Structure formats: structure tokens, C-alpha cells
Amino acid sequence: MRRCLSHFFTITLSIWTAGNLLAQVPKPIYNEAKIPPHELPDPFVQFDGTPVKTATDWRTKRRPEIMEAFAREMYGRSPKAPSHVTSKLVNRDKNALGGKAVREEIDITLADGESPLTMRILIFRPKGKENVPAFLTLNFGGNHSVSSDPGISLNKNWMRNRSDRGYVDNKATEKTRGTAASRWPAEMIVDRGYALATIYYGDIDPDFDDGFKNGIHAYHYDKGQEKLRPDQWGSIAAWAWGLSRALDFLETTKSVDASRVAVFGHSRLGKTSLWAGASDDRFALVISNDSGCGGAALNRRRIGESVTRINTSFPHWFCDNFVKYNHNENALPVDQHLLIAAIAPRPVYIASAIEDQWADPKGEFLSARNADPVYRLLGTDGLGGKKPQDESPAVDHALKTGTIGYHVRTGKHDVTDYDWTQYMDFADRHLKK
Ligand code: GCU
């Protein structure tokens, strides 16, 4: 009870503080004419001014310094992988989705010790097949929100309240089953020969600012350490680290081919999938759905959500060093096109929605466009064709024939069947044998 109360006060206090601080953040801009003057960091010039001329220069010098800058200044440094992962089957249905799929949930240990931390992965995979390619993702509302299949366990961890959907007292109720199913077309995914693997992101780190007392962070403190250092991992990096642990687990299974896993995420979890994909090159394909600020959108444009705003509303997402760039984006040694470039030459797909101006669709396209030369240096066709197009494609006209995919679709901030259709078309070209 004491713990509950103190949790309640921590959350209430952080909401109150965030509300007050937010009032001091300048109004978002949506007008291109108001974008502050800026120049993007050149992918082909090292921080000390040395030019990058070859693929080897990129691989051995430029990419490592870019990744180091993203880790130190923005997402925070993550701990190394544990030496092994342990896992335990929780439930299995050999006739899920009307008989076409096998559904399983497995607990994966993230941290051992007196009170171990586990995350629970839900997998739907085509029945009678082994070694299938997969989409690995985190979800916002618990595995049970992804499908109304009553065999899926109801997640008991902390959840953000949303009483209209049945999330009350920071818990999921039975009413929340299947509430996010429109974002997770499991049947369509299985029909196309892929597995869908998903984990509740709060299993890894609950998404509120409590000074990193809960979730995975505290397990990695040094002896006597009580607080993260300014260059240590925020929540996004922790969620990404959890995705890598899920991949460690998939490497131990026969049902999924771990060398053909696409990491996918929406919104804050799209920021996460990009950081996971850049940090762990075992991910064969990377997908960002409406990831916006801190994801695919260029920071220097300041359209919609800005660095100042995101650091104020969500102080736990990035490392503390990132605060240095509030109202000061031009001082950032990197921008988000370099995050996309760090994924090269592996395929990456960036998707925007035209009504989601908060996430700056044009800024997301420009990241892809400015990463294109790196993809080409590494021997791929980047955005496709002999020369990349400079303009964002028309709404609902996906660019999906190259190694960088991009679309901006009709509608709002969401994940739709249209999005999934493009991802699977893209994955068919890159992940199918
Ligand atoms: C907020 C936040 C975004 C984030 C989004 C989400 O809108 O400002 O940065 O992408 O939440 O994750 O739903």
C-alpha cells in the first residue's frame, strides 16, 4: 500500500511538474518558412573534418563515431548483452487464428537475481512451418490487447490509464482484450508467411518518469549507484535493448528464422525500432511507423514536436545529455538522417501519415533522402532508381522498390492495414528466400 501511494505521488508530481514546464516550451511550428536556418551534418565528413571517401571509411570510421555520438548525446549507452537468456513456455495453442496459426507466449528473463525481471513474448506463426521470417515489435497495451484470443495472458504490469478502453488504476482489465487489434493484423501477417512476435514495452521499463527505479535500469547500476549518469540509457534505449534480448531468444528457436527478423515499431516505439535496428545489426530489416521527433524526423527542422518539447514532456526517454540540445539543435553532432544511414546497407522502411504533422512527415522523408547517399556508397540502390527523388512521394504512393522504403498515407497517427501491406511487400523483396 505504501509503495502504491508513493507511486501515485511520484506520478502525480511528475505530471504536475511536466505540466508546469510545458507551459514554458515555445509553441510548435508547422510553417516551413519558420524553420530555423540549419545545415545537416554531412554523412561524408568526419567530426574532425576528414572526408569519407570509401565504404571502408564509412564502416570503420564514420559509422562508429556516429553511433558513439547518438549513444552519448541522445539515447544513452546501454549495457552489454547478458551472457545467456533463459526462457519458459507459458502457453501454446496449436490451432490459433481459426486453425491457421500456432500461438505461444514465452517468458524471457531480462535480469536474474532475487527478484528477476521477465518480459513475455507473444508469437503467432504459420502452422506447419519452421524457420519463418518474422516481425518483432513492442506493443503499448499488453499482448492481450493485440488480439481478442482469450488464451493470451492478461498483462498485470503497470499500464497508462485509459478508462474508455478499460485501463484503470494503472492496470489492464478484461475489457482491454483486443483493443489494439486493428494495429496488429495477425491473420494477414500469418497468411503471408510471417510470424508476428510482440512484447508489452512496460515489461522492460514502465513508461513514466520515476528516476529509473522500476524496470530494467536499476538492475544495471554499479555498486552504490543510485542515479543514471548523463550518458546512460533512457527508456527508448532500454526498450531497444529488450528487443535485442528478444532476438537472442529467437536465435534459440526453430520456428522463427532469427536471421530474417524485421524490427517494427509505432510512434515512441518507432523511435525505439530505429535505435534497436541501428544498434544491433542482427536485425535484417527495420521499420519506423510515424516515429517523428527522436525517430525518423530531422531535429533541426523543429516542425511539430521539438527536442525541447520532447525532453520536457518525456524526460525519461533519452539520456540527460540530450537536454543540452533544447533550443540548440544545431549543436547536435548528428541528426536523424545519420541514424537511418547507420542502418545501411540493411533495408529500412519509414512511414508517415499526412495528418500526423506533430511527427513532421516531410522531415521523416528528408531523413530517408539524406541517408540515400550512404546506402548507395555501400552498394545498394537507396530509395530506388538511378537517382533518388528529392520530393516526398504523393500521398498513398509508396516507394518500396529500393533498399529504403517510404510512404506517407492518408489519415492520422496510427498503424493501419495499408501500412502493413507496404511493409510486407517490402519484406517479401528483402526477407523471402
Ligand atoms: C506523443 C509524443 C511523440 C510520440 C507519441 C507516441 O505524441 O509527443 O513523440 O511518438 O506520443 O508514442 O504515441
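The values are calculated or read from the model by the stated rules, or taken from the named source; none is laboratory data. Note that the coordinates shown come from a computational prediction; the quantities given were computed from them, not determined experimentally. Please note: Cβ atoms are built from the backbone with ideal geometry, for glycine as well, and neighbour counts cover all protein chains shown.
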Report summary line: Of the residues in segment 147-174 that are away from the ligand (no atom under 16 Å from the Cβ), among the aliphatic types (A, V, I, L, M) and surrounded by 22 or more Cβ atoms within 10 Å (Cβ to Cβ), the one that is farthest from Arg103 (Cα to Cα) is Ala172
Report task. Give Thr253, Thr272 a once-over and let me know the one that is on the phi < 0 side of the Ramachandran plot, surrounded by fewer than 24 Cβ atoms within 10 Å (Cβ to Cβ) and among the β-branched types (Val, Ile, Thr). Result -> Thr253
Requested in this report: Considering each of Thr198, Thr176 in turn, give the residue that is of a type in the set (Val, Ile, Thr) and over 22 Å from Lys432 (Cβ atoms).
Outcome: Thr176
Report task. Report the residue count in segment 191-231 for those that are in a helix (DSSP H, G or I), within 30 Å of Lys129 (Cα to Cα) and of a type in the set (Ser, Thr, Tyr). Result -> 1
Query raised in the report: Among the residues of segment 394-413, is any assigned to a helix (DSSP H, G or I) and within 16 Å of the ligand (Cβ to nearest atom)?
Result: no
Report summary line: Exactly one of Ala296, Ala262 is more than 16 Å from the ligand (Cβ to nearest atom) and either within 11 Å of the chain's Cα centre (by Cα) or under 27 Å from Val132 (Cα atoms) (or both), and that one is Ala262
Report summary line: Checked segment 232-268 for anything touching a strand residue (DSSP E or B) at 6+ places or on another chain (Cβ under 8 Å), of a type in the set (S, T, N, Q) and in a loop (DSSP other than H, G, I, E, B); matches are Thr252, Ser255, Ser267
Report task. Go through segment 299-313 and count every residue that is of a type outside the set (Ser, Thr, Tyr) and more than 10 Å from the ligand (Cβ to nearest atom). Result -> 7
**Report entry** Selection count where residues are over 24 Å from Leu431 (Cα atoms), surrounded by 24 or more Cβ atoms within 10 Å (Cβ to Cβ) and not small (Gly, Ala, Ser), scope segment 345-363
**Finding:** 2
Requested in this report: Please find, among Glu65, Glu114, Glu39, the residue that is within 21 Å of Asn157 (Cα to Cα) and among the charged types (D, E, K, R).
Outcome: Glu114
Query raised in the report: within 14 Å of the chain's Cα centre (by Cα) and crowded, with 24+ Cβ neighbours inside 10 Å - does that describe any residue in segment 215-231?
Result: no
Query raised in the report: Would a scan of segment 314-329 turn up a residue that is farther than 30 Å from Gly215 by Cα, of a type outside the set (Asp, Glu) and either over 17 Å from the mean Cα position of the chain (by Cα) or surrounded by fewer than 24 Cβ atoms within 10 Å (Cβ to Cβ) (or both)?
Result: yes
Report summary line: Selection from segment 269-288 of residues in a helix (DSSP H, G or I) and either of a type in the set (A, V, I, L, M, F, W, C) or more than 16 Å from the ligand (Cβ to nearest atom) (or both) yields Leu269, Leu274, Trp275, Ala276, Gly277, Ala278, Ser279
Query - Residues (within 16 Å of the ligand (Cβ to nearest atom), outside any helix (DSSP H, G or I) and either at negative phi or of a type in the set (A, V, I, L, M) (or both)) located in segment 355-385 - result: Glu355, Asp356
Requested in this report: Taking the residues in segment 137-155 that are in contact with a helix residue (DSSP H, G or I) (Cβ under 6 Å, 6 or more places away or on another chain) and hydrophobic (A, V, I, L, M, F, W, C) as candidates, determine which candidate is nearest to Gly166 (Cα to Cα).
Outcome: Leu154
Requested in this report: Working carefully through the options Arg72, Arg59, find the one that is touching a helix residue (DSSP H, G or I) at 6+ places or on another chain (Cβ under 8 Å) and either modelled with pLDDT of 95 or more or not in a loop (DSSP other than H, G, I, E, B) (or both).
Outcome: Arg72
**Report entry** Residue match in segment 317-324 (condition: in a helix (DSSP H, G or I) and within 14 Å of the ligand (Cβ to nearest atom))
**Finding:** yes
**Report entry** Conditions (1) under 28 Å from Arg409 (Cα atoms); (2) within 16 Å of the ligand (Cβ to nearest atom): number failed by His337
**Finding:** (2)
